[in-house]
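Beneath this line is the structure, given in structure tokens, with notes to follow.
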Amino acid sequence: MALVTFTQRLEDLKESANADFQKATTQALVEEARVKYLGAKNGLLKEVQKELGKISKEEKPLAGKALNETKQALQKALDEAESQIRSGVTAAGDQPLFDPTLPGTSYTLGHIHPITQTISELSDIMGRLGFSVVGGPEVEDEDHNFNALNIPQEHPARDPLDNFYLSFAQETNKTPMLLRSQTSTVQIRVMEKTKPPIRIVSLGRVYRPDTADATHYPMFHQMEGLYVDEKVTMADLKTVMHLFAKSYLGEGVKVRFRPSFFPFTEPSVETDFYWNGKWVEYGGAGMVDPNVFRAVGYDPEEVTGFAFGLGVERLCMRRHNVTDIRDLYQNDVQFLRQF
Ligand code: FA5
């Protein structure tokens with residue numbers, strides 16, 4: 001190949017590369033032009049360089065020099081294009097590539113689930129009433145879920161069909177384990193470790209194989225409360241329950257207590273609120289049974305106490321006028337965004 005043809009090809013390359021780099025107004029376009037001209041494998045400069053072998057020995061030094069100059073010129077055009085991008089100025093003029101007056105890209109923020117919001121609000125209210133918040137395990141043994149709570153062996157609440165058992169004694173020779181069916185387990189755990197006076201609440205998930213309907217779900221949340229001291233009475237329980245209901249559901253809320261039965265409280269009540277023309281149960285409560293105190297080493301002659309276990313979903317539903325508990329767990333973003 002003649003030297004003149006070779007240098008002409010380099011000149012053409014330089015011209016077209018300069019034009020392309022000048023037009024490249026974004027980082028992606030600059031990169032595209034870099035690969036096109038300076039790409040190590042198939043770049044156009046590499047293509048011309050391959051022709052160097054066809055130049056005569058005498059003309060080769062001049063051809064090599066021209067090739068080097070072109071390479072430097074292309075590199076310079078690339079550097080300029082990149083620095084223009086960085087400084088926000090195009091080669092064509094001084095139009096800013098980045099317009100700081102444009103609205104920014106907005107990112108969708110996550111949302112706190114209504115049940116999580118309810119849990120933190122309930123914890124705040126109970127905190128103001130002097131109750132501290134404690135936690136407890138969701139996988140429990142039979143001792144804490146039933147035995148220490150004075151629930152006899154033959155009690156229907158222990159039925160394997162009404163619980164999510166994870167293991168049975170006959171299989172493992174150990175204490176059967178289950179997903180806790182109530183947060184009352186935490187009463188026992190706290191009393192085992194703490195001397196009275198005690199004033200705690202515990203909010204968390206519980207599990208029961210209930211069929212889902214408008215007011216039941218197989219996984220739901222309870223708020224357990226426990227107050228143990230000398231001379232705690234049923235009047236204290238009613239006062240706390242009323243204050244709590246009014247703080248969370250508003251002054252005008254109508255609540256009532258109905259006599260009931262729980263193996264771990266005596267006497268026991270169930271609590272309802274009035275909603276949409278009917279009474280809806282939202283929790284159980286009562287004075288801690290002396291047998292429960294004995295199971296944790298307390299002397300029932302010295303201390304008394306009350307306990308309650310309330311359905312968090314039912315409270316949240318009443319507060320936000322959600323009529324079907326399943327709505328809380330469909331993960332429908334449009335629904336959840338309302339809270
Ligand atoms: C109990 O679980 C007792 N541990 C409450 C208690 C604690 C009584 C301390 C005395 C002293 P019960 O099974 O009734 O009680 O459940 C309490 C509340 O949980 C119910 O009133 C209801 O609001 C809620 N609840 C029960 N089952 C479901 C369910 N499947 N889905 C949603 N909420 C439920």
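The values are calculated or read from the model by the stated rules, or taken from the named source; none is laboratory data. In this text the structure is predicted, and so the values were computed from the model without any measurement. Because the Cβ atoms are built from the backbone with ideal geometry, glycine has one as well, and the counts that use them run over all protein chains shown. Accessible surface areas use protein heavy atoms only, side chains included; no ligands, DNA or RNA. Shrake-Rupley method; radii C 1.70, N 1.55, O 1.52, S 1.80 Å.
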If you fit an axis through the alpha-carbon atoms of helix 234-249 and take the longest principal axis of the Cα set of the chain, what angle between them do you get, 0 to 90°, nearest 10?
30
For the chain, find the longest principal axis of its Cα atoms and tell me its angle to the long axis of helix 27-38, 0 to 90°, nearest 10.
40
Using a 10 Å cut-off on Cβ atoms, rank the peptides 40-47, 332-339 from the highest mean neighbour count down.
40-47, 332-339
For the pair Lys174/Leu62, report the inter-label distance in nm, with labels modelled 7 Å from Cα in the Cβ direction.
9.0
Three-way shape call for the chain based on the alpha-carbon gyration tensor, with the a/c threshold at 1.5:
prolate
With the Cα gyration tensor of segment 9-55 giving a ≥ b ≥ c as the square roots of its eigenvalues, does the rule (a/c under 1.5 for rounded; else a/b larger than b/c for prolate; else oblate) give rounded, prolate or oblate?
oblate
Take the solvent-accessible surface of the protein heavy atoms, probe 1.4 Å, and return the percent of it on the chain that carbon and sulfur atoms account for.
51
How much net charge surrounds Val322 when only the other residues with a Cβ under 11 Å from the Cβ of Val322 are counted, with Lys and Arg +1 and Asp and Glu -1?
+1
I need the peptides 306-314, 11-19 ranked by packing, meaning the mean over residues of other C-beta atoms within 10 angstrom, with the highest value on top.
306-314, 11-19
Mind checking the per residue accessible area of segment 1-150 for me, 1.4 Å probe, whole number of Å²?
63
Tally Lys/Arg at +1 and Asp/Glu at -1 over every other residue whose Cβ is under 10 Å from the Cβ of Val280; what's the total?
+1
Here FRET efficiency (C-beta to C-beta, Ser120 to Asn291, R₀ 30 Å, nearest 0.05) is 0.30
Relative contact order (percent, whole number), the chain, Cα cutoff 8 Å, 6+ residue spacing
14
For an R0 of 51 angstrom, estimate the FRET efficiency from the Cβ-Cβ distance between Asp162 and Tyr107 and round to the nearest 0.05.
0.65
Suppose R0 equals 56 Å; then what is the FRET efficiency for Glu266 and Glu82 from their Cβ-Cβ distance, rounded to the nearest 0.05?
0.10
Counting only protein heavy atoms and leaving out ligands, DNA and RNA, the solvent-accessible surface of Leu102 at a 1.4 Å probe, in Å² to the nearest 10, equals 110
Residues other than Asn68 with Cβ under 13 Å of its Cβ, Lys/Arg counted +1 and Asp/Glu -1, net out at +4
What is the log10 of I(q)/I(0) for segment 268-311, computed with the Debye formula using one identical point scatterer on each Cα and no solvent, at q = 0.24, 0.32 Å⁻¹?
-0.79, -1.05
Probe 1.4 Å, all protein chains in place: accessible area of Met234 in Å², nearest 10?
60
Kindly express, to the nearest 10 degrees and within the range 0 to 90, the angle between helix 3-23's C-alpha long axis and the longest C-alpha principal axis of the chain.
30
Peptides 75-81, 167-173: what's the order by average Cβ count within 10 Å, highest mean first?
75-81, 167-173
